[in-house]
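Participant: Handing you a structure now.
Bear in mind that the values in this text are calculations on the coordinates, not laboratory data. Every value quoted in this text rests on a predicted model; they were computed, and no experiment measured them. Cβ placement follows ideal geometry from the backbone for every residue including glycine, while neighbour counts extend to all protein chains displayed.
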Amino acid sequence: MARITDRHREKGPVRTLLVVTGHDEIDALVVRTDYRDEQAWQDVVAALMKPWGERQYEAHVHFIDDPAWAEATVDDVLAAVSGDEDLSVVFLADRVSMHAEYHPLLAVTTLTREDCADDEDYEQLTEFGSEFRTIPAGAPEVHANLSIGNLGFEEFAAWAQDDPEGIFRPL
């Protein structure tokens, strides 16, 4: 199978969107940016709300589902969440998510060079890029592990890179 790769970072001005607030820090944040297929979105939501992990933990997800976010880029979303110091990853339900098999979300680190101790720390964080795809069942696992510092973004990105389609798939 072909790897799912597409770059969302665009040159040019960042759109001004509402600042994302009001979500609980235990909630994975999912921003819908594609509004062409309502059934696909409902499938993504259903997959995200399923219990996850070996112990079947309850999924905690905060959804941004507002057409004002249609076609928002990664940079647009990062700008909107930049004030949230507790958030280390945001998930985008974009065109690829809606149309590809498994509905892989785009996981994007919110951490910047300024959030890291030094250049070496930032290079390690982004060794495999600043974004990767994950099936919806992986989003709560990624968010939870990053929130408690159990695993780093680069570890999930490396696992995604090892997948033939470039998607993180939890065991």
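Participant: Among 59, 47, 100, which residue has its Cα furthest toward the positive end of the charge dipole of the chain, with +1 on Lys/Arg Cβ and -1 on Asp/Glu Cβ?
Facilitator: Value computed over the given set: 100.
Participant: For the stretch 28-162, what's the relative contact order in percent, using C-alpha pairs closer than 8 Å and at least 6 residues apart?
Facilitator: Relative contact order for the stretch 28-162 comes out at 28 percent.
Participant: Across the stretch 91-99, in residue order, what do the Karplus-derived ³J(HN,Hα) couplings come to in whole Hz, using 6.51 cos²θ - 1.76 cosθ + 1.60 with θ = phi - 60° and x for Gly and Pro?
Facilitator: 10, 10, 9, 9, 4, 4, 4, 6, 10
Participant: Grab the DSSP H runs of the chain that are 4 residues or longer, score each as -39,500 (n - 2.57), total them, divide by all residues and round the 222 nm result to the nearest 500 deg cm²/dmol. Can you show the working numbers first?
Facilitator: Numbers: 6 runs with 51 residues, N = 171.
So the helix-based figure for the chain works out to -8000 deg cm²/dmol.
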